[in-house]
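A.B. asks: A single structure is presented below for examination.
The values are calculated or read from the model by the stated rules, or taken from the named source; none is laboratory data. Predicted, not measured: the structure shown is a model, and the values here were computed from it. A quick note on method: Cβ atoms are made from the backbone with ideal geometry, for glycine too, and the neighbour counts reach across all protein chains shown.
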Amino acid sequence: MNPYIASIILVVLLGAVLFYTLRMKSMIPQFSTEELITVALFCSLLYIAILPFKFGLSRIPVIQAFFFSVSYTAILAIGIRLVPKAGTVTMLICGHSLLSQILSSGVNPLWWPYALLAGFVLEIYFLTTGNYLGTMRNALGAGAVRGFTVYVYFYYFSAPYIWHQHFAPWYIWLQAGQGMAGSALGAAIGFYLSRTIIQAFRYGGI
């Protein structure tokens, strides 16, 4: 079986497990209009966070994964902290992915499993820990999980199948390690900044 197709099956299974778990625990999320607007706002902010890399920073050799992960994960963490419930992280990541495709490269369903996997894995992490970035430790763990998942999947499955580019194992694990470190740092920054933002958000709204 094609490895990419197998990865899609894995993503579908993870989504099914996540939905079944939420349903069994009566945790199917419901979002208010204000929460949906907040999610949409942070999808846009995630797109803005990656613009420097679209305009040249992505050409930094070897260490680009670290710098990319810090800014992206910081914004993601703040968004999750503002709407700390099941479904938020998937909507943020998938919403940003779709927005990015619409505004730049065009809509390509082949990239959707990449975004869905990143969302589902973090959703399962939060359900397992029972904590939606409520502590610094949880934020660091979420960042590391995100970094590992997205970079390993991208270099082992997405890039070879979609771009027909193959990478040496040492390079993949180097990027994954940087992604974990950068995402953990970004999550820590997001957690720290979100405390002030949450207070302002409660009193001032969007």
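A.B. asks: Tally the residues that are more than 16 Å from Ala86 (Cα to Cα), of a type in the set (A, V, I, L, M) and at pLDDT below 90, restricting the search to segment 13-52.
C.D. replies: 3
A.B. asks: Pick out, from segment 97-206, the helices (runs of 4 or more DSSP H) lying fully within it that include 3 or more residues that are more than 30 Å from Ile5 (Cα to Cα).
C.D. replies: 136-153, 169-204
A.B. asks: Looking at segment 88-141, which of the residues that are surrounded by fewer than 17 Cβ atoms within 10 Å (Cβ to Cβ) and of a type in the set (Ser, Thr, Tyr) is farthest from Val11 (Cα to Cα)?
C.D. replies: Thr135
A.B. asks: Do you know which residues across segment 96-139 are among the small types (Gly, Ala, Ser) and more than 10 Å from the chain's Cα centre (by Cα)?
C.D. replies: Correct list: Ser100, Ser104, Ser105, Gly106, Gly130, Gly134, Ala139.
A.B. asks: Filter segment 1-43 down to residues that are of a type in the set (S, T, N, Q) and touching a helix residue (DSSP H, G or I) at 6+ places or on another chain (Cβ under 7 Å), then give me how many there are.
C.D. replies: So the count comes out to 3.
A.B. asks: Further question on the same structure: Any residue in segment 14-36 that's touching a residue at least 40 places away in the same chain (Cβ under 8 Å): show its pairings with residues that are part of a loop (DSSP other than H, G, I, E, B) at Cβ separation under 6 Å, as long as the two are six or more apart or on different chains.
C.D. replies: Pairs found: Leu22/Ile28; Leu22/Ala86; Met27/Ala86; Pro29/Lys85; Pro29/Ala86; Pro29/Gly87; Glu35/Val83.
A.B. asks: Checking the structure you have, find out if any residue of segment 112-134 is in contact (Cβ under 8 Å) with a residue 24 or more places away in the chain and in contact with an Asp or Glu (Cβ under 9 Å, 6 or more places away or on another chain).
C.D. replies: Within segment 112-134, none of the residues are in contact (Cβ under 8 Å) with a residue 24 or more places away in the chain and in contact with an Asp or Glu (Cβ under 9 Å, 6 or more places away or on another chain).
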